[in-house]
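What follows is a set of notes on a single structure, which appears directly below.
The values are calculated or read from the model by the stated rules, or taken from the named source; none is laboratory data. Everything numeric here is computed off the predicted structure, so don't read it as measured data. All Cβ positions, glycine included, derive from the backbone under ideal geometry; neighbour counts span all protein chains shown.
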Amino acid sequence: MRKIVHIDMDAFYASVEQRDDPSLRGRPVIVAWRGQRSVVCAASYEARTFGVRSAMPAIRAERLCPDGIFVPPDFMRYRAASRHVREIFSRHTDLIEPLSLDEAYLDVTVNKLGLPSATAVASLIRQSIREELSLTASAGIAGNKFLAKIASDWRKPDGQFVVRPENALSFLSPLPVSKLHGVGKVMEAKLLVLQIRIVADLRAFGQAGLEANFGRWGKRLYELSMGIDDNAVEPERPTQSISAEDTFATDLPLVTLEPAIRELATKTWAAAMRDERVGRTVVLKLKTADFRILTRSLTPQHAPNCAQELTDIALALRERVQLPESMRFRLVGVGLAHFSDRDQLSAQQRLFD
């Protein structure tokens, strides 16, 4: 059986700001530019008590937390801290799968230091992060990636939690189905119609019933309810694309999709800012009422450098959909693709300036 650790830095961007500016410690820090179009990159735990969350519009965060201290993001510092954290990881294993600047999976089935358990590895990593960077991290330890990721959120901040194989089913049973990867608001609503609210309900519904309702995805849901996940840690998996999409409760005409496109572009940009690489190509994805998938894409000379630029390009791509006005759409998505190293991209772009 594999030994997987999921490390998640605690309020990473905000914690870096509080570390580097002692006057911010213990105060509600919101990492974001102010403005109608800005989005929250991170919020300190003090700000989270007011309901402020990542990817939230900055103007809403300001309403929820009037005394919040807005700090513009400094991604150079965040990436420097992230590189140091990954160097700490590499002392223990070469099987590291970064998910973003602030989290990663580690396969420590065999660890370089010969520590007796995955728990010991996670404890030493967290100790090193605390001592060398004056930051904290939380860890989840389990036999697979799925369980480890859920476990890392269990004792945040600055804690760790182990899901042992014999406890996996009892650990999962009371969790809301929204905790499962891939279960968003639309799927959660569909499951609720079937009286499925928690993972135990999902398991009791059975694989056959889930497959009858959701096809291959139903099988995957059942496997997750049983704590089954055979996905291996993939070292240094390059980012191919980042996207967000939404399935509508009722099919909508193209002209009404602007609000959804704006919201999804904001979410995609927030996710992209947590990656060290830059996405060059903007992609608009649409699914028609009869399940046809359409995509429109554009690779501008200069990569989008803010959420508003990404939104503007996505909305412009909508104008390239030449279909009858009577056509209805059940899904829309906004993505970034063709990721490149930032330094390499800057050098390429200077050739055309």
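Residues in the stretch 66-117 that are among the acidic types (D, E) and assigned to a loop (DSSP other than H, G, I, E, B) were compared, and the one that is modelled with the lowest pLDDT is D74. Here D158 passes the criteria (1) within 29 Å of L264 (Cβ to Cβ); (2) not in a helix (DSSP H, G or I) except the one numbered (1). Can we say I228 is free of Cβ contacts under 8 Å to residues at least 24 places away in the same chain, part of a loop (DSSP other than H, G, I, E, B) and over 30 Å from Q18 (Cα atoms)? Criteria not met by I228. Of all residues in the stretch 145-161, those satisfying the criterion of being within 18 Å of the chain's Cα centre (by Cα) and either surrounded by 19 or more Cβ atoms within 10 Å (Cβ to Cβ) or in contact (Cβ under 8 Å) with a residue 24 or more places away in the chain (or both) are K145, F146, L147, A148, K149, I150, A151, S152, D153, K156, P157. Exactly one residue among R164, R197, R216, R220 is exposed (fewer than 14 other Cβ atoms within 10 Å of the Cβ) and under 24 Å from the mean Cα position of the chain (by Cα), and that residue is R216.
Every condition in (1) surrounded by 14 or more Cβ atoms within 10 Å (Cβ to Cβ); (2) in contact with a helix residue (DSSP H, G or I) (Cβ under 8 Å, 6 or more places away or on another chain) is met by S134 except one, and the failing one is (1). Considering (1) farther than 27 Å from S15 by Cβ; (2) surrounded by fewer than 20 Cβ atoms within 10 Å (Cβ to Cβ), the lone condition that L172 does not fulfil carries the number (2). Kindly evaluate V5 against the criterion of being in contact (Cβ under 8 Å) with a residue 40 or more places away in the chain, under 19 Å from the mean Cα position of the chain (by Cα) and not in a helix (DSSP H, G or I). Spelling it out, V5 is indeed in contact (Cβ under 8 Å) with a residue 40 or more places away in the chain, under 19 Å from the mean Cα position of the chain (by Cα) and not in a helix (DSSP H, G or I). Only one of the listed residues (T295, T256, T281, T250) is of a type in the set (S, T, N, Q), modelled with pLDDT under 90 and within 24 Å of L317 (Cβ to Cβ). That residue is T250. Does A120 count as in a helix (DSSP H, G or I), touching a His at 6+ places or on another chain (Cβ under 6 Å) and either surrounded by fewer than 15 Cβ atoms within 10 Å (Cβ to Cβ) or of a type outside the set (D, E) (or both)? Taking the combined requirement at face value, the residue does not satisfy it.
Quick check on the stretch 81-101. Is at least one of its residues assigned by TED's automatic domain parsing to the domain that holds F161, over 30 Å from D230 (Cα atoms) and in contact with a Phe, Trp or Tyr (Cβ under 9 Å, 6 or more places away or on another chain)? Scanning the stretch 81-101 turns up at least one residue that is assigned by TED's automatic domain parsing to the domain that holds F161, over 30 Å from D230 (Cα atoms) and in contact with a Phe, Trp or Tyr (Cβ under 9 Å, 6 or more places away or on another chain).
Figure legend. Inter-residue proximity from the stretch 59-76: first residues without any contact (Cβ under 8 Å) to a residue 60 or more places away in the chain, second residues surrounded by fewer than 18 Cβ atoms within 10 Å (Cβ to Cβ), beta-carbon distance below 7 Å, spacing 6+ or different chains. Indicated pairs: I59/Q36; L64/F50; L64/G51; C65/F50; I69/R27; F70/R34; P72/W33. Tell me which residues, restricted to the stretch 267-290, are touching a Leu at 6+ places or on another chain (Cβ under 6 Å) and either assigned to a strand (DSSP E or B) or farther than 12 Å from C306 by Cα (or both). Answer for the stretch 267-290, where residues must be touching a Leu at 6+ places or on another chain (Cβ under 6 Å) and either assigned to a strand (DSSP E or B) or farther than 12 Å from C306 by Cα (or both): R274, V278, G279, V282, L284, L286, K287. Quick one: R280 ticks every box in (1) buried (at least 22 other Cβ atoms within 10 Å of the Cβ); (2) under 13 Å from G335 (Cβ atoms) except a single one, so which number is it? So the condition that R280 fails would be (1).
Considering only residues that are in a loop (DSSP other than H, G, I, E, B), among the aliphatic types (A, V, I, L, M) and over 25 Å from the mean Cα position of the chain (by Cα), which ones fall in the stretch 303-327?
V321, L323, M327
Of the residues making up the stretch 55-92, just one is polar (S, T, N, Q) and surrounded by fewer than 21 Cβ atoms within 10 Å (Cβ to Cβ), namely S90.
Within the option set R25, R53, R63, being in contact with a helix residue (DSSP H, G or I) (Cβ under 6 Å, 6 or more places away or on another chain) and outside the structural domain of F161 (by TED's automatic domain parsing) holds for one residue only, R25.
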